[in-house]
Amino acid sequence: MQLSIPKTPLTIQISSSHAAAFSVVTIGCMLVDPFGHMNPLSGFGLLAWWFFINATSYLSGELVTQNTFRLRDPDCWPFGTIVVASAVAALLVGGNVSLVILIMTYVVDCPYFFWPTFIAVSKLAFLIAVGRLFFFLHERIAELAIASAPEVSEQTAVEAESGCALALRLPAYLGENILYLRSQDHYVEVMTDKGSHLIKMRFRDAMEEVQPLQGQQIHRSCWVRQSAVVRAKTHNRRLLIETSDGARHPVSRSFIPDVRAKMRL
């Protein structure tokens, strides 16, 4: 599947959590001061110094990571893209920090910190960039899937109100002949006569959307369509309902009276 990526300007979005973390890190660097006696600054000057280093490093890294998959198709060599973009971000961040440190060490006549600092900071920046890019890859693929999904017309929406709205969530190849629903953690398994599909939604909401179909909840995590029931039998004092696909579903004791009455078992 080929997804087209529109040409968009480079942007950086700074969340409140990132701003808070940036503030904590900057103040922490000022208090700890990794350079110790090598840094002639103190007080507000030291705070401004670390603010500049952290701000330029953060912005240069985020500029690369946030825009990589907005300018490049996620389906086109995604893992190679992550490695290359992470390397670029690492070089930008490592070079930025090392250059500032080089200037400082030059001022105090101690030019021996450039390469060790560059290598250490670049390694850390590379690992952080890889994690960020995996996050943005997943986010961008989700955005493109939503953008490329077919829109539901007003006519289809009206039909859904009088028909089965849940059927509209199913892939076309599964058809609309729903047999039963089963809850699986945060998902609902919808079984049709052609296969099953998992939908992330509440089981209660799924039963509301399937209401136009004649059926009955037989368990706190199972709903069965009446026309899909082949037979019912008792096994080890438990009532079991067998559907047309051969599956057997236990009926909870609290649901047995309603099931027998509505399904005429």
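The values are calculated or read from the model by the stated rules, or taken from the named source; none is laboratory data. Just so it is clear, the model here is predicted, and its values are computed rather than measured. Cβ atoms come from the backbone with ideal geometry, glycine included; neighbour counts cover every protein chain shown. In case anyone asks, the SASA skips ligands and DNA or RNA and just uses the protein heavy atoms, side chains included. Shrake-Rupley method; radii C 1.70, N 1.55, O 1.52, S 1.80 Å.
Taking first residues from segment 216-243 that are more than 20 Å from Asp193 (Cβ to Cβ) and partners that are of a type in the set (Asp, Glu), the Cβ contacts under 9 Å between residues at least 6 apart in sequence or on separate chains come to Gln217/Asp258; Lys233/Glu242. Within the set Asp185, Asp193, the sole residue that is of a type in the set (Asp, Glu), within 23 Å of the chain's Cα centre (by Cα) and open to solvent by 80 Å² or more (accessible area, probe 1.4 Å) turns out to be Asp185. The residues listed here are Ile101, Ile141, Ile178; of these, the one that is surrounded by 11 or more Cβ atoms within 10 Å (Cβ to Cβ), of a type outside the set (Gly, Ala, Ser), modelled with pLDDT under 75 and touching a Ser or Thr at 6+ places or on another chain (Cβ under 7 Å) is Ile101. The residues of segment 216-265 that are closer than 16 Å to Glu189 by Cα, open to solvent by 90 Å² or more (accessible area, probe 1.4 Å) and part of a strand (DSSP E or B) amount to a single one, Arg248. Screening the candidates Leu198, Leu213 for the property of being of a type in the set (A, V, I, L, M, F, W, C), open to solvent by 60 Å² or more (accessible area, probe 1.4 Å) and either part of a loop (DSSP other than H, G, I, E, B) or under 19 Å from Ala165 (Cβ atoms) (or both) yields one hit, Leu198.
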